[in-house]
Amino acid sequence: MAPPSDLRSWIRLLESEGELVRVSAEVDPDLEITEIVDRTVKSGGPALLFERPKGSTHQLLINQFGTERRMCLAFGVERLDDVGRKLEDVLEMQPPQGLADKVRGLRKLKSIADSMPKTVSKAPCQEVVLTGDDVNLDVLPIQRCWPLDPAPFITLPAVITQDRATGVRNVGMYRMQKLDRRSTFMHWQIHKDGRADLLAAEDGRIPVAVALGLDPVTAYSASAPLPKNVGELMVAGFLKGSAVELVDCKTVDLQVPANAEIVLEGWVDRQDTGLEGPFGDHTGYYTPAEEFPVFRISAMTMRRDAIYPSIVVGKPPAEDEWLAKATERIFLPAIRMSVPELVDYDLPTAGAFHNCVIVSIRKRFPGHAKKVMHAVWGLGLLSLSKSVVVVDAEVDVHDYEQVFFRVCANVDPKRDVLLSEGPIDQLDHATTLQAYGGKLGIDATAKGPSEGAREWPPEIEMSPDVRALVDRRWEEYGIPVPTADAMGKNGAVGRRLRQLVRR
Ligand SMILES: Cc1cc2nc3c(=O)[nH]c(=O)nc-3n(C[C@H](O)[C@H](O)[C@H](O)COP(=O)(O)O)c2cc1C
Ligand SMILES: [Mn+2]
């Protein structure tokens, strides 16, 4: 099934799949929605469409990304790895051998060419156009998420800027604290592309457009950590299988996705700043108030009856877990392009994405695990990772008990732990300095004399013929071990039993 073309068809799809609940009771965007959503997310519940947010005439959609199944529905795939494979197919293009290969290659090239955003002249997002004094953020059900947040925050925006020198467009998801009817902060952290566009502006100010309420793939693409010059909207078009349609803004020289529910246009000036935050963040803590630029809004355009999208981050797991997991899966083939020995990787949700990376590698030479740690610390936003754990190829990086077993069993802390330092996520509160601090690498691979270890012992494995014999005779023994199905897919008991059966 093709990914939904706009937020409304996405809502219809969610509804027909039993993945959405409409809440008709009046509910307060000030804290109350957070508590409802937090309970819903943590229990794997549905997307919620709040039909009567207090103080607003606009509906609020939240938890659209809260489960793996919904994330797959958003991308029109069975498993998130399928999205990665689609990219891999293009990344690994080789010179064609023979006619069939050439035809296939041309088809791939065409799918890339068709992904480029295209301009349209009329757009649903401009059914209502408000400029100057008519701009009024008060009409939107913007949430104040956590008790120490000083104001409401727009949490699920696609913020569009342009590199003035190259003309390359950037789209990023950055929270926006509401200041008044016509202005917000713009939370561009120091490692992000939006901030770079502002810093590069010769006159110190840039136009900015913010799209709210997009189709899910385009909304996701705003959160994707792509290299600076790779267009998020091109990638969104490629993943959707149809180009993102753009329309000219009314008051600034930028373009926005035509299918958006709501668009904010305006300016950000380097000189115009203030104290943003604190904000209850995805780290599970409040990030302290800090200086950030202000976004002055020159126009607000909308669909009639525009639906406002929101997300609550907080102590993991929260709704952003599956946005991050989508990124983890989608970027695997791209990472393998520069680190081909990497078999798989996992960013544990509890590690708030940047605190911990587990990688499995096909190890070939002494120091190979350390080479890979340095590679991770040199890759895009993965460079902000505080700790990297490296295991051998056969270890399932998503099975944290297996990983923990290797870390405990295979590590001589004096020999196998690497302490380094480098850039750290600006939101991290534990480092001594902000945005700079220590790195921990743990080499939990098998080692031998070439790496200063003694002869490595063989791992215990039952011989295959005995396993087959016991498989055949199991019924005969009359020992009640439930079948894999009956044990359920999740849950510690099921996992432990499954491991028992696997051995
Ligand atoms: C829900 C959500 C909120 C986010 N909020 C911020 C934010 O306030 N500031 C920020 O710099 N990054 C934030 N991010 C991460 C960026 O969206 C992400 O790093 C993205 O790659 C930025 O785009 P860029 O690489 O083009 O700068 C957020 C991500 C998500 C999923
Ligand atoms: Mn970018």
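Throughout, read-outs are computed from the coordinates displayed, never taken from laboratory work. Being a predicted model, the structure only gives us computed values, none of them experimental. Cβ coordinates were reconstructed from backbone atoms using ideal geometry, including for glycine residues, and neighbour counts include every protein chain displayed.
When only the Cβ of Lys, Arg, Asp and Glu is charged (+1, +1, -1, -1), the dipole of segment 68-123 relative to its Cα centre reaches about 340 debye. For the chain, the longest principal axis of the C-alpha atoms and the axis of helix 7-16 are separated by about 50°.
Counting beta carbons within 10 Å around each of Ser43, Ser5 and listing the fewest first gives the order Ser43, Ser5. If you add up the charges near Ile62, with Lys and Arg at +1 and Asp and Glu at -1, over every other residue whose beta carbon is less than 11 angstrom from its beta carbon, what do you get? Taking every other residue near Ile62 into account, the sum is -2.
What's the angle, to the nearest 10 degrees (0 to 90), between helix 464-477's Cα axis and the longest principal axis of the chain? Value to nearest ten degrees: 90.
Across the cross-link table entries Lys178/Lys228; Lys371/Lys439; Lys86/Lys371, which are compared at the Cα atoms, the separations over 21 Å belong to Lys178/Lys228; Lys86/Lys371. Taken about its Cα centre, segment 328-426 carries a charge dipole of about 400 debye when Lys and Arg each add +1 at the Cβ and Asp and Glu each add -1 at the Cβ. When Asp89, Asp253, Asp443 are sorted by how many other C-beta atoms sit within 10 angstrom of their C-beta, beginning with the fewest, the order is Asp253, Asp89, Asp443. Computed over the chain, the P(r) tail beyond 33 angstrom holds 45 percent of alpha carbon pairs.
Among Ile361, Gly274, Leu382, which residue has its Cα furthest toward the positive end of the charge dipole of the chain, with +1 on Lys/Arg Cβ and -1 on Asp/Glu Cβ? Farthest along the dipole direction, towards plus: Ile361.
Take every pair of alpha-carbon atoms less than 8 Å apart whose residues are at least six positions apart; their mean separation over the length of segment 44-164 yields a relative contact order of 22 percent. If R0 equals 56 Å, the separation of the Cβ atoms of Asp465 and Leu31 corresponds to a calculated FRET efficiency of about 0.35. Helix content alone sets the calculated 222 nm mean residue ellipticity of the chain: runs of n ≥ 4 DSSP H residues at -39500 (n - 2.57) each, divided across all residues, give -9000 deg cm²/dmol. Farthest towards the positive end of the charge dipole of the chain, among the residues His58, Val312, Gly231, is the Cα of Gly231, using unit charges on the Cβ of Lys, Arg, Asp and Glu. With 30 Å as the limit on Cα-Cα distance, the pairs of Lys102/Lys325; Lys325/Lys363; Lys325/Lys386 that go past it are Lys102/Lys325. For the chain, the longest principal axis of the alpha carbon atoms and the long axis of helix 32-42 meet at an angle near 20°.
Based on the alpha-carbon gyration tensor of segment 1-144 and its eigenvalue square roots a ≥ b ≥ c, which shape applies: rounded if a/c is under 1.5, prolate if not and a/b is larger than b/c, or oblate? Judged from the Cα gyration tensor, segment 1-144 comes out oblate (a/c at least 1.5, b/c at or above a/b). Rounded to the nearest 20, the Cβ-based charge dipole of the chain about its Cα centre (Lys and Arg +1, Asp and Glu -1) stands at 1020 debye.
Please label the shape of segment 423-471 as rounded, prolate or oblate, based on the square roots a ≥ b ≥ c of the eigenvalues of the alpha-carbon gyration tensor (a/c under 1.5 means rounded; beyond that, a/b larger than b/c means prolate, else oblate). Verdict is oblate for segment 423-471.
Segment 235-304 and segment 42-56 have Cα centres lying 22 Å from one another.
Taking a straight Cα-Cα cut-off under 19 Å and skipping sequence neighbours fewer than 8 places away in the same chain, the aspartates and glutamates within cross-link reach of Lys447 are Glu341, Asp392, Glu394, Asp396, Asp412, Asp416, Glu455, Glu459, Glu461. Ordering Leu91, Leu384, Leu13 by the number of other Cβ atoms within 10 Å of each residue's own Cβ, fewest first, gives Leu91, Leu13, Leu384.
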